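Structure first, then comments.
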Amino acid sequence: MAVNKLSIGSVNKMTYEDFIARFGNVVEHCSLCAAAVWRERPFRDAENLASCFGDFIDRLPINGKEGILRLHPDLAGRLAQVGQLTSESTQEQASAGLTTMTEDERQRMNNLNRRYKDKFGFPFVICARENKKDAILRGLQERLENSAQTEAVTGANEVKKICRLRILNIVCPDSQVTHSPL
Ligand code: 2AL
């Protein structure tokens, strides 16, 4: 959790390199998103910055959305068990209660994750900060019934929620750029 949040004014003044250093992982392991969004500055506020990332993800073709999903770690998966998640994912998965699951719950989640990946070819993605473990297990079970096309779009929408919350951890939500009239 960022303690000293940035104002949107200081975000707008960032060099490309600084922008990538701060926002390169708001979409997990996909600094390409930040590299593309940098050209949209100046941003009005944190929500506008999040919308720019969201619009970029929305415009991706289905195989691009699937690619972004593949960059996400499984929930309560192998990387979590060996402590190899990014710091953002570590906090998100803990907030959903995934670090305090029973062995039975972990096995159910791992089995459902495996079935999901076998069916769709990309991992199940959900915004862990907006869900608890029971809702995640239910969501996994329900979404397994969907088509691959529906899941690519649903998963990408979850990535947008994750991205927005990561941005709100970095940028002060109250700070705005105001333009004086000409
Ligand atoms: C994640 C993750 O790492 N953080 C989050 O909110 N969701 N992963 C996932 N497969 O949904």
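The values are calculated or read from the model by the stated rules, or taken from the named source; none is laboratory data. In this text, all values refer to a predicted model and were calculated from it rather than measured experimentally. Positions of Cβ are backbone-derived with ideal geometry, glycine not excepted, and every protein chain shown enters the neighbour counts.
Values as computed for the structure displayed
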{"item": "Qualifying residue in segment 21-34 (condition: touching a Lys or Arg at 6+ places or on another chain (Cβ under 7 Å) and modelled with pLDDT of 95 or more)", "result": "yes"}
{"item": "Candidate set from segment 87-131 (those that are over 28 Å from ILE62 (Cβ atoms) and outside any helix (DSSP H, G or I)); member that is farthest from the ligand (Cβ to nearest atom)", "result": "THR102"}
{"item": "Test: residue in segment 150-170 that is free of Cβ contacts under 8 Å to residues at least 24 places away in the same chain and either hydroxyl-bearing (Ser, Thr, Tyr) or near the ligand (Cβ under 10 Å from one of its atoms) (or both)", "result": "yes"}
{"item": "Residue in segment 60-70 that is more than 15 Å from the chain's Cα centre (by Cα) and closer than 19 Å to LEU165 by Cβ present", "result": "no"}
{"item": "Lone unmet requirement of (1) buried (at least 17 other Cβ atoms within 10 Å of the Cβ); (2) among the aliphatic types (A, V, I, L, M); (3) within 25 Å of ASP55 (Cα to Cα) for VAL177", "result": "(1)"}
{"item": "Residue check, ILE62 closer than 21 Å to PHE120 by Cβ, more than 16 Å from the ligand (Cβ to nearest atom) and among the hydrophobic types (A, V, I, L, M, F, W, C)", "result": "yes"}
{"item": "Residue match in segment 50-58 (condition: within 16 Å of the ligand (Cβ to nearest atom), closer than 26 Å to ASN131 by Cβ, in a helix (DSSP H, G or I) and among the polar types (S, T, N, Q))", "result": "no"}
